Each structure stands twice: as structure tokens, then as C-alpha cells.
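The values are calculated or read from the model by the stated rules, or taken from the named source; none is laboratory data. Everything numeric in this text was worked out from a predicted model, so none of it was measured. Neighbour counts are summed over all protein chains in view; Cβ atoms, including those assigned to glycine, are modelled from backbone coordinates with ideal geometry. Ligands, DNA and RNA are excluded from the accessible area calculation, which covers all protein heavy atoms including side chains. Shrake-Rupley method; radii C 1.70, N 1.55, O 1.52, S 1.80 Å.
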Amino acid sequence: QVQLAESGGGLVQPGGSLRLSCAASGRIFVVYAMGWYRQAPGKQRELGATITSGGRTNYENSVKGRFAISRDNAKKTVYLQMNSLQPEDTAVYYCLVQSQFGDYWGQGTQVTVSS
């Protein structure tokens, strides 16, 4: 069994920053790509950012230059540093971990950007 523990969401004012973390544990021995997706109210889940096991990153256009994804392979943890947050970034953020046994999703963490 695999568990994903997300943390770091919350309420922040426009222009502020947050850092999300997602740590994988349990029967997970090989981790391939990791990523963050987000789902705003009334919208479909969309890509935020992904990072391969080799460190190659990919970002959704609206977050390029503001968000930075990174990972610690020894800790099986993926991070998302979010800067210059805007109200349109408000969503539930889900981490994704791709392993030798398949894809695993976190439970989601709420990010709210509001003054």
C-alpha cells in the first residue's frame, strides 16, 4: 500500500507565496515522474507542473516563471514553490506519483488566494 502525505496549503493574499510538499511512503520502491495538478471550483483537474526522475520539468503556461517544482529522491518527496500567487490560482492541489506499481494521487490540499 502507498500513502501520499500532502502539506503546505492555506490562505494567502495576492502576491504571496506558499510551498507545497508531498511525501510518498509504503510499498513504493521506484518513483518515476512526480507532479502537481489542480482543480478549481467548477473546472476540470489540470496540470500544474511535473518533474521526471532525471529532473526535467514541465509547467502549465499560466504558472511558468511563478511556480517551481523540485523533488528529493531519497525522501520520495515532491515540492511546489508557488510565488506571485493570484486569485485564479485558487484550487485544490493534488500531487501525483508514478511508480512501478502505477499512479497514485494525494488527497488534495486547498490553496486559496484572496485579500
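Quote the FRET efficiency, to the nearest 0.05, computed for GLN3 versus SER115 with a Förster distance R0 of 35 Å and r equal to the Cβ-Cβ distance. With R0 = 35 Å, the Cβ-Cβ based efficiency is 0.50. For the range 21-44, the residues whose amide N sits under 13 Å from a probe point set 7 Å from the Cα of THR52 along the beta carbon direction are 32-34. Within the full protein context, the accessible area of ASP72 is estimated at about 50 Å² for a probe radius of 1.4 Å. One decimal place: the segment TYR32-SER70 gains 12.3 nm when fully extended, by the rule 0.36 nm per residue minus the C-alpha distance. For the residues ALA24, ALA68, ALA40, a GNM of the chain with alpha-carbon springs under 10 Å puts the largest fluctuation on ALA40.
GNM, the chain, Cα, under 10 Å: largest mean-square fluctuation among TYR32, TYR79, TYR94? Of TYR32, TYR79, TYR94, the Gaussian network model singles out TYR32 as fluctuating most. Structure remark: mean-square fluctuation, Gaussian network model of the chain, C-alpha springs under 10 Å; the largest value among PRO14, PRO87, PRO41 belongs to PRO41. A 1.4 Å probe run over the chain, with the rest of the protein chains in place, finds 53 Å² accessible per residue.
On the chain, 47 percent of the accessible area sits on carbon and sulfur atoms, based on a 1.4 Å probe.
Net charge of the neighbourhood of LEU96, taken over other residues with C-beta under 15 Å away and scored Lys/Arg +1, Asp/Glu -1, is 0.
Sequentially through the range 10-24, phi angles give Karplus couplings (6.51, -1.76, 1.60; θ = phi - 60°) of x, 9, 9, 7, x, x, x, 10, 9, 10, 9, 10, 9, 10, 9 Hz, Gly and Pro residues having no value and appearing as x. Dipole magnitude for the chain: computed about the Cα centre from +1 point charges on Lys and Arg Cβ and -1 point charges on Asp and Glu Cβ, it is near 220 debye. Amide H contacts of GLY108 (H built 1.01 Å from N, in plane; Pro and chain starts excluded): CYS95 sit under 5 Å, all sequence-distant by 5 or more or on other chains.
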